[in-house]
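Have a look at the structure below before the remarks.
Every read-out reported here was derived from the displayed coordinates using simple, explicitly stated rules and does not represent laboratory data. The structure presented is a predicted model; accordingly, all values stated were derived computationally and were not measured. Methodologically, a virtual Cβ is constructed for each residue, glycine included, from the backbone with ideal geometry; neighbour enumeration extends over all protein chains shown.
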Amino acid sequence: MDQTTPFHLARQRDRAPSGGRAKAWIAGLVLLPLAVAGGALAGLRTGEAGWPLPSWLPSSVSSLLAGRGTQPSAAAGVPILYYRDPDKALYAQAPAKTPDGRDYLPVHLGEDVDFELRPAAAKGAEANATYAARPDETRKILYYRNPMGLPDTSPVPKKDSMGMDYIPVYEGEAEEGNTVKISPGKVQRTGVRSERAERRVVSRAVRVPGTVTLDERRVTVVATRSDAYVDHVENVTTGDRVRKGQPLVHVYSPEINAAAAQLIANPGFDGARRRLQNLNVSEEVINEMERIRKVPMAITWTSPRDGLVLQRTAVEGMKAAAGDTLFRIGDISTLWVLADVPEYDLGSVKVGQPVSVRVRSLPGRSFTGKVGLIYPQVNTQTRTTRVRIELPNPDGVLLPDMYADVEIGTGATKPVVAVPNDAVIDTGARQVVLVDKGEGRFEPREVKVGARGEGYTEIREGVQTGERVVTAANFLIDAESNLKAALQSMAAPKSPAEPQVQAEDKPQ
């Protein structure tokens, strides 16, 4: 043994515990696990009971002991959409914490979202739970439907291929008939909007092309009723405006002169006077013959009305046969516009409806008239019907044969119940609107529609004034309604007679 051996033995003797210290050391080893287990049990009981913890404890330790830091297990393979506050309607795109140190709860794909404010849970375990569809013990569950909207039901709870729970369908929901119930979160995500049905004038403008023409009742032809020769023509040309009684042309007619000579030779003979009237000699000329007792060489023909000279064929020295047109005069103070209305719009056009006319030569100016006549014939080539519009033309700026853009105001003149055009779902065989009954409940309702106007449709039956109808995302709700009807029919209980029929049809 060397010299260092006593030194090592002395150190070993110093390290060995004495009898009292050994007992204390062994007692500590036994009591420490018991103290830790008791503290954990006390923390769990504290979290379950909701007792307040000491303020000096760290927030992470307090949350752990109170059971508030547990996170729900994420569904396998299901992505997280966002994170929500466990107590308030606050949301975050990335993981976040509340002011008191608690983690935001993840919301996975397929889980519904509720944007309504919910009161804080009385127990910590309830505050931990994610917003998922939990069975309502107060109502009877009829069946469970696929969370992705597939036509698959189950009488017992189950999960789909992605691990999402089937959604329970309660007895109260099935008894609501055609009413579709959608959570407020889904209503906001799909962009559902609604508008009240109101009484309004539903009008729609039919825009068609037209042509300005003369009023057939305001056109006059100047002609002789016997063979004559044009002796002199006044300084009147085509396009000039003339007044009633203005001289136009002087003609010589042997037949007229013979009748005039008979009138002068036999004063008071009514037959001679009547003969001159039949030859279209004016009363002024006949009275002048009787006054001067002389037969004039040429008879003056005057304008029969105020208007525009549309045609002049009279030439000095020419011979005009009976009935030949010398002048054609038209009154343009009132004109017609002939518009071609398509056959599918003809049912909404009525006589007396207001019309706005614009011509291309006068941009920015419109003329107001009314529908005077709907011609009783459809053009077989263009499938249009001609509509006549009477249009005042006091200043004479409108001229015949001008092109015009016609806008006919059609529709009801009195207020009717109307909804926006987007609210009506037209399947061809029927028309449906979705009535918003509030709190995420929508009722598909079949309606009878009337006239369609600028943005609104008349509702004759099915919707009352003041009811709200869906104007956006209504096709999605309609699909949900059809899905609900299909699921209810699939989940309907079979009649007792059905198994018997199947047993009879089963081959022996």
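Here is how the numbers come out for the structure above:
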{"quantity": "Length released on extending from Ser361 to Glu461, taking residue separation times 0.36 nm less the Cα-Cα span", "calculated": "31.3 nm"}
{"quantity": "Full-stretch length increase - Asn257, Thr413 - with 0.36 nm per residue and alpha-carbon distance subtracted", "calculated": "49.9 nm"}
{"quantity": "Where a label projected 7 Å from the Cα of Asp324 along Cα→Cβ would reach, residues of region 222-239 with amide N under 15 Å", "calculated": "222-233"}
{"quantity": "At most 16 other Cβ within 10 Å, DSSP loop - trypsin sites (Lys or Arg not before Pro), region 314-363", "calculated": "Lys350, Arg360"}
{"quantity": "Which listed pairs, of Lys158/Lys437; Lys158/Lys181; Lys244/Lys350, have C-alpha distances above 30 Å, in listed order", "calculated": "Lys158/Lys437; Lys244/Lys350"}
